[in-house]
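Bear in mind that the values in this text are calculations on the coordinates, not laboratory data. Please read these numbers as outputs of a predicted model, since none were measured by experiment. So basically every Cβ, Gly included, is an ideal-geometry build from the backbone, and we count neighbours across all protein chains shown.
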Amino acid sequence: MPHVLTRSLDRAATTFILVVAACGILIPLSNLLLPSAAFFHVPTYLVALWGKYVCYAILALSIDLIWGYCGILSLGHGAFFALGGYAMGMYLMRQIGARGVYGNPILPDFMVFLNYPRLPWYWNGFDMFPFAALMVILVPGLLAFCFGWFAFRSRVTGVYLSIITQAMTYALMLGFFRNDFGFGGNNGLTDFKDILGFNVQADGTRCVLFALTCLALIIGFLICRAVVTSKLGKVLIAIRDAESRTRFIGYRVESYKLFVFTLSACMAGVAGALYVPQVGIINPSEFAPGNSIEAVIWVAVGGRGTLVGAALGAIVVNYAKTYFTSGPLAPYWLFMLGALFILVTLLLPKGIVGTFNSWWLPLKAKPLAADTASAAREDGVSEPKMAE
């Protein structure tokens, strides 16, 4: 495994990891150690805000893994993100205990308000963090495996698969909006108190959550790099470019697609679980199909099939969203987002990072070719001439 990870890293990947690691260390330290009046002090609200951006970057990585390298355009990945968030939210709700508004040590406040006689069976075990952490990965992964099993075995591809994934997340949204579904209905889960015994609102807890989110982004990036630079990754690219030919030469295309789709869903679930304690709420609006479409736009803007570009696109677009939705341009943000997607599609079809690579690599190759030719002339070696 160390050899696989080392082999999968190039200069750009190493730089990305170092930048994320530096942010995961320096931002919490600047919040905890520097006085609030210092120039480099990072306020706690910014720590939580950037933590949310990093969670979105993990979600964008998971989408780029299946779309950029396997050609699976999922418009329902927000469902896996939200399921991971609900699994973590259920754990946080169980930690409130008797400190809720109604003082019930077992039932969350919304269940007391709705006259639940007892805790639903599917809430059992969420008072233990290891069980909740397992469900964060298992629930999105199991849903993706079951969905992918039927979809890929039926050879549903292209726009049809995209529509089905969008229908899946919309159906989940309608279900979670119901009060009798047992997940808080329209209000969702909120008013969290503790996580692993630490106050979720404390500055130190928020800084630790931010550092863990950066660590999760690095681990997710390493997993994606290990996949796409291996023989498995070559098969995925072959499926993306020529699925019929790949199947014809003997590869079980459905198995490869099922594996990478399930892995991607587990990554999205982890992103959702880290998102909830930093934002402080999870509700059915996270299942909205618009959220999944917006996540695809992040990947397109940053650069499909680059991994680094997907994470960069998520951070850039969400920073722009925060900036423009807090002023007079707030009602027009969706129009701006649509215009951004159109402009990127027409002018930068490879995204920011993909376009930069297409410009930079030829420029980098010219001096190398000139040096090679100069060395050949010094050694008395010349290009072979065509036969007369």
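Worth a mention:
- Kirkwood analysis of the Cα pair distances in the stretch 45-186 returns a hydrodynamic radius of 17.1 Å.
- Under a model in which nothing but the beta-carbon of Lys, Arg (+1) and Asp, Glu (-1) is charged, the chain shows a dipole of about 580 debye around its Cα centre.
- The value obtained for the stretch 3-120, namely the Cα convex hull volume divided by the number of residues, is 209 Å³ per residue.
- Virtual spin-label span in nm between ALA202 and THR325, 7 Å along Cα→Cβ: 3.1 nm
- Within the stretch 277-338, none of the chymotrypsin sites (Phe, Trp or Tyr not before Pro) combine a DSSP coil assignment with at most 14 other C-beta atoms in a 10 angstrom radius.
- Taking Cα atoms only, the orientation of helix 253-279 departs from the longest principal axis of the chain by about 50 degrees.
- Extending 7 Å from the Cα toward the beta-carbon at both PHE259 and ASN186 defines two label points whose distance is 4.6 nm.
- PHE356 versus ASP241: modelled label distance in nm, points set 7 Å from Cα along the beta carbon direction: 2.5 nm
- The chain: most fluctuating residue of LYS234, LYS350, LYS52 per GNM, C-alpha cutoff 10 Å: LYS234
- The equivalent ellipsoid of the chain has semi-axes of 41, 27, 20 Å, largest first, where each one is the square root of 5 times an eigenvalue of the Cα gyration tensor.
- Highest-MSF residue in the chain out of GLN166, GLN201, GLN95 [GNM, Cα springs under 10 Å]: GLN201
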